[in-house]
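Chemist: Sharing a structure here in structure tokens format.
The values are calculated or read from the model by the stated rules, or taken from the named source; none is laboratory data. Computed from a predicted model, the values in this text were never measured in an experiment. Here Cβ is always computed from backbone atoms with ideal geometry, including for glycine, and neighbour counts include all displayed protein chains.
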Amino acid sequence: MHSNKITLKQDLTAYAFILPTFLGFLLFMVYPLFNSLYLSFMDWNMFLGREGSEFVGLEHFREAFENEYFKAGMINNFKLAVMAVPLLIALSLFLAVLLNQDIFGRGILRTMYFMPYVATITAAAVVFSAVFHYQWGPVNNFLRGIGIANPPGWTASIKWALPTIALFWVWKNIGYCVVIFLAGLQGISNTYYEAATIDGANKVQQFWHITMPLVSPTTFFLTITNIILSFQIFAEVNVMTKGGPGTATYTTVFHIFDQAFDKFNLGYASAVSWLFFLVIVVITIIQWLGQHKWVKYV
Amino acid sequence: MKKFMSVLIVLMLISTSVFAAGQQDAASSDGREKIVIHIHNFLNDKSVTGGLEEIQKMEKFSHVDFVIKDKDEEYETTLPIAVAGGEQIDVVAVFNPIQQNKMAKAGVIQPLDKYIAELGVDMNKEFGGYANNAKFEGKTVMFPHQVTKWVLYYNKKVFDDAGVAYPDPEVPMTWTEYAEVAAAITQGEGGNKVYGALHLDWPMFWYGEAIMKLGGGEKFYNAQGLSNIEDPIFAKALERTFNMQHVDKSIPTHADIIMSKTGPQAFMNGQYGMIVQGAWLLSWAADKATYPRDWELGIAPMPVDAGTTQKTWGIVNGYAVAQTSKNPQLAAEVALELSRLDSEYTETAPAANQTYGQENLYVGSGEKLGGEGLTVQVIQRAFNYPGSIFVTEKVTGPNNVEYETIINEEVEKYLVQEQDLATTIANIKTRGDKAITK
């Protein structure tokens with residue numbers, strides 16, 4: 001009896017600790033989630049509330065599939081993920097391996113790579129846009145200086161705008177990925193490398209047959225989270241290109257923002273949010289199922 | 001001890017909340033009212049700031065505490081969100097007819113007719129013909145503030161360097177001639193390039209010729225009330241703008257303007273030969289501390305579609321009352337008073353309100369710019385040229401907000417070379433008709 005009382009008290013104490021977070025979760029995650037589902041079936045007037053709104057069923061979902069900006073946004077999201085995520089993962093693993101060596105200035109280098117991650121996106125994007133300005137930017141001035149008469153238009157070109165955004169996104173997030181990879185690399189026991197060296201394996205062989213498999217859970221984690229993050233890209237697009245030129249950098253989250261807060265179509269924006277959520281869930285499930293083929297948990 | 005501290009903290013929180021609520025109650029129970037004014041860029045205008053100072057000293061508003069919110073560069077996004085969130089905002093700025101209809105249709109601002117009736121104001125007497133510009137679906141939704149009129153400004157140094165004669169101060173160029181002049185005065189490459197003109201991503205920079213020919217933004221509809229974008233004047237105006245960007249390279253490309261976030265103030269940096277703008281540019285020209293320059297400014301009539309009659313365009317902006325006003329009757333009275341004070345203090349643009357004589361109009365600018373030939377008389381003549389035709393610069397008609405958005409979206413795709421002209425016109429027609437008839 002006494003023991004039960006103690007257990008109950010301990011449980012209550014534990015629940016009391018998680019209660020604020022749980023309330024926050026209910027208030028800021030669960031309620032908006034289900035409210036947005038409700039809104040997606042309504043032609044919602046955000047200023048007049050329920051009285052000024054009407055039920056439209058699946059109309060907004062049908063509209064989304066007919067909306068060329070939704071389609072452009074989805075296509076650009078896929079393009080961005082394909083361009084940016086593999087580059088980010090490969091580059092950050094390469095840098096993490098280098099920074100895991102006993103090289104001069106390792107601490108400073110690690111800090112420098114991490115700095116873009118903690119910089120304000122807006123400020124960084126403005127600077128990046130200025131650096132890549134097609135007419136006055138130092139990048140194109142340099143390219144002209146070495147004899148390239150027609151350097152890329154970067155964000156001012158429909159061909160280059162999305163790759164420029166991808167480049168910025170990679171630069172911004174590489175520090176975080178490097179840190180996570182470093183943690184993964186430091187968890188690999190040196191004994192594997194010592195044994196491989198005795199067996200005559202060179203550094204490249206060691207990388208492919210020891211480092212890559214043993215760091216694969218980290219790679220999987222970063223791939224899955226970064227694909228989700230790349231789909232959620234908004235601030236970079238909003239600051240650098242506003243979705244343009246034309247529809248060159250128009251993304252789904254930008255479409256949701258534009259519809260909700262510029263055109264006040266909150267119901268439609270909610271429907272698109274749910275469609276987008278389902279797409280991300282499907283992509284994540286596919287990755288989850290595919291991990292068995294390449295992720296090694298030791 | 002821990003228990004005691006926890007109880008103490010909770011008690012402190014509760015007592016603070018109760019005290020705060022009590023303070024709020026006291027604020028309203030002593031008969032004082034609060035009016036929140038959120039007018040963003042209107043605060044750049046001395047006529048507005050002068051009016052705001054005076055209104056706070058007026059006896060009839062002595063019971064009112066005015067809260068004047070700072071400028072907010074994201075005004076058009078944050079204001080609706082604040083209103084949707086129930087925040088008290090009373091008097092707001094409406095910058096153009098598109099925004100006016102958008103906010104009125106969505107319910108961000110409210111109809112004013114019953115408050116106007118209560119105030120006993122005759123809108124036609126107060127605002128003359130501009131009273132009609134304050135309506136949405138037959139209801140008055142704002143008190144008109146100013147009337148903007150545009151002219152052609154030019155940088156004399158750019159013309160001198162190119163050896164091209166200045167535009168005539170009385171006889172307007174056609175848009176075709178204007179494009180030719182822009183090409184002729186464009187010089188240099190890369191970072192040293194001087195463009196013949198500066199066009200912003202504002203739609204009138206390409207459809208201006210159509211507006212002038214058709215007679216205003218209300219003429220963007222055909223006899224059936226549908227989009228008349230198939231009128232050849234639109235294709236002509238669009239193609240001319242495209243050629244200026246991509247063939248003559250006499251203006252920056254549309255993409256560059258958007259990505260660089262170039263605003264009209266860029267004209268003051270001396271790298272552009274011409275720009276069409278309203279009288280607000282004069283205040284930048286007069287402010288040499290903020291916009292230092294080694295060149296002189298000239299004024300000429302706006303380019304026209306044809307003939308020698310001067311034409312100009314503009315809009316009427318105004319003060320509205322937000323849906324979340326705690327005292328809309330008082331807010332309407334404040335907004336009306338501000339519009340009246342505009343006419344007393346205005347220096348840079350004609351006030352829509354007819355209460356005062358507007359004696360200060362252009363005086364400040366004329367005194368500061370007289371040395372470069374822009375005297376008060378010259379400026380007044382340029383903005384109020386006898387016989388000049390005034391047209392509305394924005395699309396005004398059924399579902400104009402969606403219609404103009406569609407026009408902007410499709411035109412952008414054309415100007416950045418994502419689609420051709422025929423597709424652009426066809427898409428505007430299809431999407432525009434659907435939006436208009438929705």
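Chemist: Scan B:Met244, B:Met274, B:Met259, B:Met302 and give me the residue that is away from chain A (no Cβ under 14 Å) and within 24 Å of A:Thr241 (Cα to Cα). Can you show your working first?
Modeler: On the way: B:Met274 fails: within 24 Å of A:Thr241 (Cα to Cα); B:Met259 fails: away from chain A (no Cβ under 14 Å); B:Met302 fails: within 24 Å of A:Thr241 (Cα to Cα).
From the options B:Met244, B:Met274, B:Met259, B:Met302, the qualifying one is B:Met244.
Chemist: Let me ask you something else. More than 25 Å from B:Thr262 (Cα to Cα), free of Cβ contacts under 8 Å to residues at least 40 places away in the same chain and either crowded, with 16+ Cβ neighbours inside 10 Å or in contact with a Gly (Cβ under 8 Å, 6 or more places away or on another chain) (or both): does that describe A:Ile188?
Modeler: Working: more than 25 Å from B:Thr262 (Cα to Cα): yes; free of Cβ contacts under 8 Å to residues at least 40 places away in the same chain: yes; either crowded, with 16+ Cβ neighbours inside 10 Å or in contact with a Gly (Cβ under 8 Å, 6 or more places away or on another chain) (or both): yes.
So A:Ile188 fits the description; yes.
Chemist: If you check A:Trp160, A:Trp169, A:Trp154, which single one turns out to be within 22 Å of A:Pro245 (Cα to Cα), aromatic (Phe, Trp, Tyr), crowded, with 18+ Cβ neighbours inside 10 Å and away from chain B (no Cβ under 14 Å)? Break it down into steps so the answer makes sense when it comes.
Modeler: On the way: A:Trp160 fails: away from chain B (no Cβ under 14 Å); A:Trp154 fails: away from chain B (no Cβ under 14 Å).
None of the others qualify; the one that does is A:Trp169.
Chemist: Quick one: which residue in B:Asp433, B:Asp420 is surrounded by fewer than 22 Cβ atoms within 10 Å (Cβ to Cβ), within 14 Å of chain A (Cβ to nearest Cβ) and not hydrophobic (A, V, I, L, M, F, W, C)? It would help to see each step written out before you state the result.
Modeler: Working: B:Asp433 fails: within 14 Å of chain A (Cβ to nearest Cβ).
So the residue among B:Asp433, B:Asp420 that is surrounded by fewer than 22 Cβ atoms within 10 Å (Cβ to Cβ), within 14 Å of chain A (Cβ to nearest Cβ) and not hydrophobic (A, V, I, L, M, F, W, C) is B:Asp420.
Chemist: Would you please name the residue that is farthest from B:Glu412 (Cα to Cα), looking only at residues in the range B:216-231 that are in a loop (DSSP other than H, G, I, E, B) and either in contact (Cβ under 8 Å) with a residue 40 or more places away in the chain or among the hydrophobic types (A, V, I, L, M, F, W, C) (or both)? Break it down stepwise before answering.
Modeler: Looking only at the range B:216-231, we keep the residues that are in a loop (DSSP other than H, G, I, E, B), and these are B:216, B:220, B:222-226, B:228-231.
From what's left, either in contact (Cβ under 8 Å) with a residue 40 or more places away in the chain or among the hydrophobic types (A, V, I, L, M, F, W, C) (or both): B:216, B:220, B:223, B:225-226, B:229-230.
Values: B:Gly216: 21, B:Phe220: 18, B:Ala223: 27, B:Gly225: 25, B:Leu226: 22, B:Ile229: 15, B:Glu230: 17 Å.
Only one residue tops the list, namely B:Ala223.
Chemist: I've got another one for you. Check B:Asp305, B:Asp287 and return the single one that is assigned by TED's automatic domain parsing to the domain that holds B:Pro252, charged (D, E, K, R), touching a Phe, Trp or Tyr at 6+ places or on another chain (Cβ under 7 Å) and surrounded by fewer than 24 Cβ atoms within 10 Å (Cβ to Cβ). Spell out how you get there, then give the answer.
Modeler: Numbers: B:Asp287 fails: touching a Phe, Trp or Tyr at 6+ places or on another chain (Cβ under 7 Å).
None of the others qualify; the one that does is B:Asp305.
Chemist: Cβ contacts < 8 Å: first residue free of Cβ contacts under 8 Å to residues at least 24 places away in the same chain, restricted to the range B:393-412; second residue assigned to a helix (DSSP H, G or I) and buried (at least 21 other Cβ atoms within 10 Å of the Cβ), any location; separation 6+ or different chain. Result?
Modeler: B:Glu410/B:Thr424; B:Glu410/B:Ile428
Chemist: Would you tally the residues in the range B:102-121 being more than 20 Å from B:Val401 (Cα to Cα) and either among the charged types (D, E, K, R) or assigned to a helix (DSSP H, G or I) (or both)? Before you say what the answer is, go through the steps one by one.
Modeler: Applying the first criterion (more than 20 Å from B:Val401 (Cα to Cα)) to the range B:102-121 yields B:112-121.
Filter once more, keeping what is either among the charged types (D, E, K, R) or assigned to a helix (DSSP H, G or I) (or both): B:113-119.
Qualifying residue count for the region: 7.
Chemist: Right, next: Identify the single condition in (1) surrounded by fewer than 23 Cβ atoms within 10 Å (Cβ to Cβ); (2) touching a strand residue (DSSP E or B) at 6+ places or on another chain (Cβ under 7 Å); (3) away from chain A (no Cβ under 14 Å) that B:Phe267 does not satisfy, given that it satisfies every other one.
Modeler: Looking at each condition in turn, B:Phe267 falls short on (1).
Chemist: I would also like to ask the following. So which residues in the range B:94-117 are away from chain A (no Cβ under 14 Å), in contact (Cβ under 8 Å) with a residue 40 or more places away in the chain and over 14 Å from B:Ser325 (Cβ atoms)?
Modeler: The initial filter retains those residues of the range B:94-117 that are away from chain A (no Cβ under 14 Å), namely B:94-97, B:100, B:112-117.
Next, only the ones that are in contact (Cβ under 8 Å) with a residue 40 or more places away in the chain stay: B:94-97, B:100, B:112, B:115-116.
Of everything in the range B:94-117, those that are away from chain A (no Cβ under 14 Å), in contact (Cβ under 8 Å) with a residue 40 or more places away in the chain and over 14 Å from B:Ser325 (Cβ atoms) turn out to be B:Val94, B:Phe95, B:Asn96, B:Pro97, B:Gln100, B:Ile116.
Chemist: Specify which of the listed residues (A:Leu80, A:Leu19, A:Leu95) is free of Cβ contacts under 8 Å to residues at least 60 places away in the same chain and either within 21 Å of the chain's Cα centre (by Cα) or more than 24 Å from A:Val279 (Cα to Cα) (or both). Please lay out each step first, then the result.
Modeler: On the way: A:Leu80 fails: free of Cβ contacts under 8 Å to residues at least 60 places away in the same chain; A:Leu95 fails: free of Cβ contacts under 8 Å to residues at least 60 places away in the same chain.
Among A:Leu80, A:Leu19, A:Leu95, only A:Leu19 is free of Cβ contacts under 8 Å to residues at least 60 places away in the same chain and either within 21 Å of the chain's Cα centre (by Cα) or more than 24 Å from A:Val279 (Cα to Cα) (or both).
Chemist: The conditions are (1) within 13 Å of chain A (Cβ to nearest Cβ); (2) under 28 Å from B:Ile299 (Cβ atoms); (3) hydrophobic (A, V, I, L, M, F, W, C), and B:Leu361 fails exactly one of them. Which is it?
Modeler: It fails just one condition, (1).
Chemist: Has the range A:193-215 got any residue that is out of contact with any Pro (no Cβ under 8 Å at 6 or more places or on another chain), small (Gly, Ala, Ser) and under 24 Å from A:Gln291 (Cβ atoms)?
Modeler: Our first condition is that a residue be out of contact with any Pro (no Cβ under 8 Å at 6 or more places or on another chain); within the range A:193-215, this holds for A:193-215.
Checking the rest, the ones that are also small (Gly, Ala, Ser) come to A:195-196, A:200-201.
From the residues that got through so far, the ones that are under 24 Å from A:Gln291 (Cβ atoms) too are none.
Checking the range A:193-215: not a single residue is out of contact with any Pro (no Cβ under 8 Å at 6 or more places or on another chain), small (Gly, Ala, Ser) and under 24 Å from A:Gln291 (Cβ atoms).
Chemist: Given the range A:199-298, what helices (runs of 4 or more DSSP H) lie entirely inside it while holding 1 or more residues that are within 23 Å of A:Val97 (Cβ to Cβ) and of a type outside the set (Ser, Thr, Tyr)?
Modeler: On the way: elements: A:203-206, A:212-231, A:235-240, A:252-257, A:266-290.
Correct list: A:203-206, A:212-231.
Chemist: Let me ask something additional. Being loosely packed, with under 15 Cβ neighbours inside 10 Å and in a helix (DSSP H, G or I) is the filter here; which residues of the range B:82-101 pass it?
Modeler: Filtering the range B:82-101 down to residues loosely packed, with under 15 Cβ neighbours inside 10 Å leaves B:85-87.
Selection gives nothing.
Chemist: Taking B:Gly196 as the residue in question, decide whether it is without any contact (Cβ under 8 Å) to a residue 24 or more places away in the chain and touching a strand residue (DSSP E or B) at 6+ places or on another chain (Cβ under 8 Å).
Modeler: Working: without any contact (Cβ under 8 Å) to a residue 24 or more places away in the chain: no; touching a strand residue (DSSP E or B) at 6+ places or on another chain (Cβ under 8 Å): yes.
No, not satisfied.
Chemist: Among (1) out of contact with any Leu (no Cβ under 9 Å at 6 or more places or on another chain); (2) touching a residue at least 40 places away in the same chain (Cβ under 8 Å), there is one condition A:Gly105 misses while meeting the rest; what is its number?
Modeler: That leaves (2) as the condition not met.
Chemist: How do the pairs read when you match residues in the range A:231-246 that are at the interface with chain B (Cβ under 10 Å from one of its Cβ atoms) with residues anywhere that are crowded, with 23+ Cβ neighbours inside 10 Å and in a loop (DSSP other than H, G, I, E, B), using Cβ under 6 Å and keeping only pairs 6 or more apart or on different chains?
Modeler: A:Thr241/A:Thr249; A:Gly243/A:Thr249; A:Gly243/A:Tyr250; A:Pro245/B:Val416; A:Gly246/B:Val416
Chemist: I'd like to know if the range A:32-54 contains one or more residues that are away from chain B (no Cβ under 13 Å), on the phi < 0 side of the Ramachandran plot and of a type in the set (Asp, Glu).
Modeler: Checked the range A:32-54: at least one residue is away from chain B (no Cβ under 13 Å), on the phi < 0 side of the Ramachandran plot and of a type in the set (Asp, Glu).
Chemist: For the range B:9-62, which positions are at pLDDT below 50 and touching a strand residue (DSSP E or B) at 6+ places or on another chain (Cβ under 8 Å)?
Modeler: Passing the criteria: only B:Ala27.
Chemist: Going by the conditions given, is A:Ala183 away from chain B (no Cβ under 14 Å), in contact (Cβ under 8 Å) with a residue 40 or more places away in the chain, within 23 Å of A:Ala96 (Cα to Cα) and surrounded by fewer than 17 Cβ atoms within 10 Å (Cβ to Cβ)?
Modeler: Values: away from chain B (no Cβ under 14 Å): yes; in contact (Cβ under 8 Å) with a residue 40 or more places away in the chain: no; within 23 Å of A:Ala96 (Cα to Cα): yes; surrounded by fewer than 17 Cβ atoms within 10 Å (Cβ to Cβ): yes.
When the stated conditions are applied, A:Ala183 does not pass them.
Chemist: As an exercise: evaluate A:Ser129 against (1) buried (at least 21 other Cβ atoms within 10 Å of the Cβ); (2) farther than 24 Å from A:Gly246 by Cβ; (3) at pLDDT below 90 and give the number of the one condition it does not meet.
Modeler: Every condition holds for A:Ser129 apart from (2).
Matching residues to (1) among the polar types (S, T, N, Q); (2) touching a helix residue (DSSP H, G or I) at 6+ places or on another chain (Cβ under 7 Å):
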site	(1), (2)
B:Gln329	yes, yes
B:Ser339	yes, no
B:Leu361	no, no
B:Lys368	no, yes
B:Thr375	yes, yes
B:Ile379	no, yes
B:Gly387	no, no
B:Thr423	yes, no
B:Lys438	no, no
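Chemist: Would you say B:Val276 is buried (at least 21 other Cβ atoms within 10 Å of the Cβ) and in contact with a Gly (Cβ under 8 Å, 6 or more places away or on another chain)? Give the derivation first.
Modeler: On the way: buried (at least 21 other Cβ atoms within 10 Å of the Cβ): yes; in contact with a Gly (Cβ under 8 Å, 6 or more places away or on another chain): yes.
So B:Val276 fits the description; yes.
Chemist: Same structure, new question: Does A:Ala16 fit the bill of being at pLDDT below 95 and in a helix (DSSP H, G or I)?
Modeler: Details: at pLDDT below 95: yes; in a helix (DSSP H, G or I): yes.
So A:Ala16 fits the description; yes.
Chemist: Can you say whether A:Thr120 is exposed (fewer than 15 other Cβ atoms within 10 Å of the Cβ) and either in the same structural domain as A:Val85 (by TED's automatic domain parsing) or in contact (Cβ under 8 Å) with a residue 12 or more places away in the chain (or both), as far as the supplied structure shows? Spell out the reasoning first.
Modeler: Details: exposed (fewer than 15 other Cβ atoms within 10 Å of the Cβ): yes; either in the same structural domain as A:Val85 (by TED's automatic domain parsing) or in contact (Cβ under 8 Å) with a residue 12 or more places away in the chain (or both): yes.
Yes: the conditions hold for A:Thr120.
Chemist: Pairs, please: C-beta under 6 Å, at least 6 apart or cross-chain, first residue under 20 Å from B:Glu372 (Cα atoms) and in the range B:149-175, second surrounded by 16 or more Cβ atoms within 10 Å (Cβ to Cβ) and of a type in the set (D, E, K, R)?
Modeler: Once the first residue is under 20 Å from B:Glu372 (Cα atoms) and sits in the range B:149-175, its partners that are surrounded by 16 or more Cβ atoms within 10 Å (Cβ to Cβ) and of a type in the set (D, E, K, R) give B:Lys156/B:Glu296.
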